[in-house]
Structures are given as structure tokens and as C-alpha cells.
Amino acid sequence: MKNSLRYLLFGLGVGLAIALVPHLPILQSPDRVMAQGTSQTISPQGLANHLKKINAKMYGAYWCPACMKQKELFGSAFKSINYIECDPRGTNGQPELCKQANIRAYPTWEIKGKRYEGVYPLEGLAQLSGYRGR
């Protein structure tokens, strides 16, 4: 009975993984990312410039693996992002801004007055911010 339950749970886990894999974003080079299911290619630099123009912010911490993944999606264009370091030990740490903004998770995006927690593909950030460029 124990073994059959283990096999059932294992099978369910494998089935779930197989079902979810097609829905994960496909990452290409850090210079260009193709959103899954679309033919639109987002320019990381174009999106970063747009996010800066609309005063979007990304709150994070230098030690945060999810923040590192978000930065990798932008590649060298990340230098244009309005990034707020929440850990006082990080470069240009501004923990008081993070506390005032009541940041609870890293990364947290603030776009057009709304908050979004977690790593977002470039296509998702483009949609949230109204970016139409390439």
C-alpha cells in the first residue's frame, strides 16, 4: 500500500511538471527575449528606457536569487532601471525607502502606482507598463 501511494504521488508530480513546462517563458540571449506564444520580440534596453520614463521602480536586495534572475533578463540594460537596494549592506542601500514603501518581498516592481511581487518576463513588464516598442 505504501509503495503504491508513493508511485501515485510520483506520477502526479511528473504529470504536473509535464503540464507546467510548456507554460514557462522561453529565455534567449539577454539582449533579446522572445515571449512564448507571441512573435513579438522585446528589446530589453527599449523596455528599460520606457520603465525609467514612467518612473517604474524595482525594489530588491543584492543577495536575492530572484532579483538576480530579474536583472539577468535585462542584461546590460538593467543599469537604466530605477533600482532601489533594500539591504543597507548593498551598494547604495536605501532600506528606509523600502520600509516607507512597505516592501514585503523581493523583487517588487512598482509600475503606474501598482505593486507586483516576483520575477516577471520582459513581455509581462511590457504589458503592465504599456510598453509598445520593440
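Every residue in the stretch 110-134 that is among the aromatic types (Phe, Trp, Tyr) and either closer than 16 Å to PRO44 by Cα or within 8 Å of the chain's Cα centre (by Cα) (or both), please.
Of the stretch 110-134, the ones among the aromatic types (Phe, Trp, Tyr) are 116, 120, 131.
Across the stretch 110-134, the qualifying residues are TYR120, TYR131.
The set of residues in the stretch 74-128 being of a type in the set (A, V, I, L, M, F, W, C) and within 21 Å of ASN49 (Cβ to Cβ) consists of PHE74, ALA77, PHE78, ILE81, ILE84, TRP109, ILE111, VAL119, LEU122, LEU125, ALA126, LEU128. Within the stretch 81-113, the residues that satisfy the criterion of being charged (D, E, K, R) and in contact (Cβ under 8 Å) with a residue 12 or more places away in the chain are GLU85, ASP87, ARG89, ARG104, GLU110, LYS112.
Readers should treat all values here as calculations from the given coordinates under stated rules, not as data from a laboratory. If you're wondering where the values come from, they're calculated on a predicted model, not measured in any experiment. As a convention, Cβ positions derive from the backbone with ideal geometry for all residues, glycine included, and neighbour counts pool all protein chains shown.
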